[in-house]
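Q: Could you have a look at this structure, given as structure tokens, before my questions?
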Amino acid sequence: MDTSPPEPRLSALYQELILDHYRRPRNKGTLDGATHSVSLNNPLCGDEIDLQLQVEGGAIKAVRFVGRGCSISQASASMMTQLLKEKAVPQALALAERMSAMMQGDETAAGDKSLGDLRALAGVSKFPIRIKCALLPWNALTDAFKGQW
Amino acid sequence: MLDAARLRADFPLLERQEHGRRLVYLDNAATTQKPDAVLHAIADYYRTTNANVHRGAYSLAIRATEAYEAARAKLAGFVNAWTPEGVVFTRGTTEAINLVAGSYGRAHVGRGDAIVVTAMDHHSNLVPWQILCQEKGATLRMVEITEDGRIDLSDFGTALEGRPKIVAFPYVSNALGTVNPAAQLTRLAHAVGAVVVVDGAQATPHLKVDVRALDCDFYALSGHKMLAPMGSGALIAKPELLEAMPPYHGGGEMISRVFDDHSTYNKIPHKFEAGTPNVEGAVGLAAAIDYLGAIGLERVAEHEQALAQAAIDQLTQIDGVTVYGPRGHRAGVVSFTYGDIHPHDIATILDQDGVCIRAGHHCTQPLMRRLNVPATARASFYIYNDLDDVAALAGSLVKAGALFGYVPA
Ligand SMILES: Cc1ncc(COP(=O)(O)O)c(C=O)c1O
């Protein structure tokens, strides 16, 4: 049996903080008084997210999600909801772009404090097929504001 | 058990490394690797025999046609088909089932009729029937499965009381490894006058198939799951049913005489093979059948059963692992979950050790709902796998557990 230690890239991928958000997701549930709701799934691996937002005066007052899926997609969703509270919509969309840049391997994005806990997901960029997992909640966010806000 | 190491030498892809590790390919239910015998047969066909079939009057075209028809006869013999004319080449199982639904189904199913499928059917033996039922105003009845992942025979009996026109089920489940009692299910369905469609995608590569002994009416298979190229496959049918069926696709090859406003159709099986067929696929499939025939399907089944048993034994010893599907007699497909580690995460971690498994719903979403999981991880074995591969799977899984805090690293 192979008992060599896991690859460093794997340890970087599955950090404590990511598993913590996966197992104890923040802001999980549904939102009364939501102004924006989006459901997205990834048919390939079955990750799902229902994202609800309450926007007032151009700012996100509350955000909740219900989701099923891998640790990466669920941790990303949990971390995202923490970050979005009280953000103006354009600010939230700018964060989505930073997140996307980090997933493409952009080092400055990975060092950007504005991404908060999400920086723990920087290792995902080394696993190209998992990037869509990390971006699923963010795609739901940008979808939510595709129309009017 | 088979001498897997010796067989592996026939498969050039299996000599590759992944992430610096020996490749441990355990996704054979999705598709198998191809031996040199198949790769060479395809290359030889193009180097020596290629021309369009059933058209040219010159020797080369005649040889190409002979190669194509010889492949049909070989496949007929392999599954003990009624006649070679009862073998329609298709792109695979999916197209074969769509052919039955689109031709036989559209001609025979009407408003208020019933079609029976099972909760363990692959989407390709479910969605074509959903589409047909929606078009015709017929009802689709899904037979439940038991706790240990078998077709619930009492629910199957209840479903038959609705006197369905068509009963469809998988011979072997791609998600659970269950080997269904296909001959018995066929007998029961025939007793109420139903026509029986067997999804043989996972059975044909792994056990000795005899469609005449099963006595089913239609049998679908995929070449790429049994060492042959992608895009090869067939519908095996009782010839008298095919004779009476309307065509499926229109075009060249399937016609006899074409007038301005109508046509008469070619004999079976050509009536159902519109357009230029996948001749390299048929030739490759014939080579795959020779390769498997030399080993013997009984020995293939025995080998896989041993690997599946070893995998179940080793995986269930890991605290937190759940293995789905029946124990005892089963095929070499082992579906499992590990605590709250998502199967997708398991697959990523195993991949770093060169272990290729499938994670997801395996095109069986109704089944996943019944198992109450969004997805499973699945290891599936073939002739070139051995006990070292099972050990690699178990070892890598322990690492996944360590990363997620299940066992001390
Ligand atoms: C049980 C079963 N049925 C049908 C299919 C579909 O086969 P194909 O994609 O070759 O048409 C598969 C494989 O994916 C299968 O496992």
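The values are calculated or read from the model by the stated rules, or taken from the named source; none is laboratory data. Model, not experiment: these values are computed from the prediction. Neighbour counts run over all protein chains shown; Cβ positions are idealised from the backbone, glycine included. Side chains included, ligands, DNA and RNA excluded: accessible areas come from the protein's heavy atoms. Shrake-Rupley method; radii C 1.70, N 1.55, O 1.52, S 1.80 Å.
Q: The stretch B:29-91 to the stretch A:25-76: how many Å between their Cα centroids?
A: So the separation of the two Cα centres works out to 52 Å.
Q: Now a separate question. Once phi is turned into θ = phi - 60°, what whole-Hz ³J(HN,Hα) does the Karplus curve with 6.51, -1.76 and 1.60 give for every residue of the stretch B:16-24, x standing for Gly and Pro?
A: 6, 10, 10, 6, x, 10, 4, 6, 10
Q: Show A:99, B:1 ordered by accessible area, largest first, where the area counts protein heavy atoms only and the probe is 1.4 Å. Intermediate results must be reported in sequence, preceding the final value.
A: Values: A:99 0, B:1 120 Å².
In descending accessible area the options line up as B:1, A:99.
Q: May I pose another question? In whole Hz, with x marking every Gly and Pro, tabulate ³J(HN,Hα) for the stretch A:66-77 from phi via Karplus 6.51 cos²θ - 1.76 cosθ + 1.60, θ = phi - 60°.
A: Once rounded to whole Hz, the list reads 10, x, 9, x, 6, 4, 5, 5, 6, 5, 4, 5.
Q: Give me a single rounded figure for B:394-400: the average over its residues of other chain Cβ atoms within 10 Å of their Cβ. Please report the intermediate quantities before stating the final value.
A: On the way: counts 2, 4, 3, 0, 3, 7, 3.
Per residue, the average neighbour count from other chains is 3.
Q: Something else about it: What is the mean number of Cβ atoms from other protein chains located within 10 Å of the Cβ atom of each residue in peptide B:329-341, rounded to a whole number?
A: Working: counts 0, 0, 0, 0, 0, 0, 0, 0, 0, 0, 0, 4, 5.
Partner-chain Cβ atoms within 10 Å, mean over residues of B:329-341: 1.
Q: Of all accessible surface on the stretch A:26-144 at a 1.4 Å probe, what whole percent is carbon and sulfur?
A: Working: 2430 of 4870 Å².
The computed percentage sits at 50.
Q: List every residue whose amide H lies under 5 Å from the amide H of residue B:143, counting only residues 5 or more places away in sequence or on a different chain, with H placed 1.01 Å from N in the peptide plane.
A: Close amide H contacts, sequence-distant or interchain: B:117, B:118, B:119.
Q: Kindly express, to the nearest 10 degrees and within the range 0 to 90, the angle between helix A:131-144's C-alpha long axis and the longest C-alpha principal axis of chain A.
A: 0 degrees
Q: Residues of the stretch A:106-149 losing 40 Å² or more of accessible area relative to the isolated chain, 1.4 Å probe, heavy atoms only?
A: Listed by number, the residues meeting the 40 Å² cut-off are A:130.
Q: Stretched out fully, how many nm does the piece from residue B:106 to residue B:187 gain, at 0.36 nm a residue minus the Cα gap? Please report the intermediate quantities before stating the final value.
A: Numbers: separation 81, 0.36 × 81 = 29.16 nm, distance 2.37 nm.
Result for the pair: 26.8 nm of gain on full extension.
Q: I've got another one for you. With a 1.4 Å probe and all protein chains left in place, how much of the accessible area of chain B comes from carbon and sulfur atoms, in whole percent? List each step's numbers first, then the result.
A: Details: 7760 of 15410 Å².
Accessible surface attributable to carbon and sulfur in chain B totals 50 percent.
Q: Among DSSP beta bridges lying fully in chain B, give the percent that are antiparallel, nearest 5.
A: On the way: 27 of 45 bridges.
Of the beta bridges lying entirely in chain B, close to 60 percent run antiparallel.
Q: Further question: Tell me which chymotrypsin sites (Phe, Trp or Tyr not before Pro) from the stretch B:236-299 have a DSSP coil assignment and no more than 10 other beta carbons within 10 Å of their own.
A: On the way: sites: B:248, B:259, B:265, B:272, B:291; in loops: B:248, B:259.
Taking the stretch B:236-299 and a limit of 10 other Cβ atoms within 10 Å, the loop chymotrypsin sites (Phe, Trp or Tyr not before Pro) found are B:259.
Q: Under the definition of partner shielding as Cβ atoms of other protein chains within 10 Å of a residue Cβ, what is the mean value for peptide B:343-354?
A: Numbers: counts 3, 13, 11, 1, 4, 11, 5, 0, 3, 6, 5, 1.
If you average over the peptide's residues, the count of other-chain Cβ atoms is 5.
Q: Report the relative contact order of chain B, percent, no decimals, based on alpha-carbon pairs under 8 angstrom and at least 6 residues apart.
A: Details: 825 pairs, mean separation 92.4, N = 409.
Relative contact order of chain B: 23 percent.
Q: Oh, and also: Loop only per DSSP, at most 15 neighbouring Cβ atoms within 10 Å: give me the trypsin sites (Lys or Arg not before Pro) in the stretch B:19-69, ordered by residue number. Please list the in-between numbers first.
A: On the way: sites: B:21, B:22, B:47, B:55, B:63; in loops: B:55.
For trypsin sites (Lys or Arg not before Pro) across the stretch B:19-69 that sit outside H, G, I, E and B with at most 15 neighbouring Cβ atoms in 10 Å, the list reads B:55.
Q: With the other protein chains left in place, how much accessible area per residue, in square angstrom, belongs to chain A at a 1.4 angstrom probe?
A: Numbers: 6900 Å² over 149 residues.
That works out to 46 Å² per residue.
Q: To the nearest 100 Å², how much accessible surface do chains A and B hide from each other in total, with a 1.4 Å probe? Present the calculation step by step, with values, prior to reporting the outcome.
A: On the way: alone 7850 and 16450 Å², together 22310 Å².
For A against B, buried area totals roughly 2000 Å².
Q: Non-local amide H neighbours of residue B:195 (under 5 Å, H modeled in plane, Pro and chain starts lacking H): which ones?
A: B:166, B:167
Q: To continue, here is another question. Rounded to the nearest Å, what's the spacing between the alpha carbon centres of the stretch B:114-155 and the stretch B:206-262? Just the number, please.
A: About 22 Å separates the Cα centre of the stretch B:114-155 from the one of the stretch B:206-262.
Q: Now for a different question. What is the count of Lys pairs in the stretch A:26-144 whose alpha carbons sit under 21 Å apart, if the two are 8 or more places apart or on different chains?
A: Qualifying lysine pairs in the stretch A:26-144: 9.
Q: Of all DSSP beta bridges in the protein assembly as shown, what percent run antiparallel (nearest 5)?
A: Of those bridges, close to 70 percent are antiparallel.
Q: Cα-based count: Lys pairs in chain B below 23 Å, eight or more positions apart or different chains?
A: 14
Q: Per residue, how much accessible area does chain B have with a 1.4 Å probe, in Å²? Walk me through the numbers on the way to the answer.
A: Numbers: 15410 Å² over 409 residues.
In whole numbers, chain B has 38 Å² accessible per residue.
Q: Right, next: Span-like helices, chain B: DSSP H, alpha-carbon axial extent 20 Å or more, mean Kyte-Doolittle 1.0 or greater, which ones? Walk me through the numbers on the way to the answer.
A: On the way: long enough: B:59-78 (28 Å, 0.22); B:279-295 (25 Å, 1.44); B:297-316 (28 Å, -0.19); B:387-403 (24 Å, 1.18).
The qualifying helices are B:279-295, B:387-403.
Q: If you average the alpha carbon positions of the stretch B:345-367 and of the stretch B:308-332, how far apart do those two centres end up, in angstrom?
A: Going from one Cα centre to the other spans 16 Å.
Q: Work out which GluC sites (Glu not before Pro) in chain B are exposed loop sites (DSSP not H, G, I, E or B, at most 16 other Cβ within 10 Å) and give the longest gap free of them.
A: Numbers: sites that count: B:144, B:147, B:161.
With GluC sites (Glu not before Pro) excluded where exposed in loops, chain B gives B:162-409 as its longest stretch.
Q: Applying the Karplus parametrisation 6.51 cos²θ - 1.76 cosθ + 1.60 with θ = phi - 60° to the phi angles of the stretch B:2-13, what ³J(HN,Hα) value in whole Hz is obtained for each residue in order, glycine and proline being reported as x?
A: Ordered by residue, 3J(HN,Hα) equals 6, 7, 5, 4, 5, 5, 4, 5, 7, 10, x, 5 Hz.
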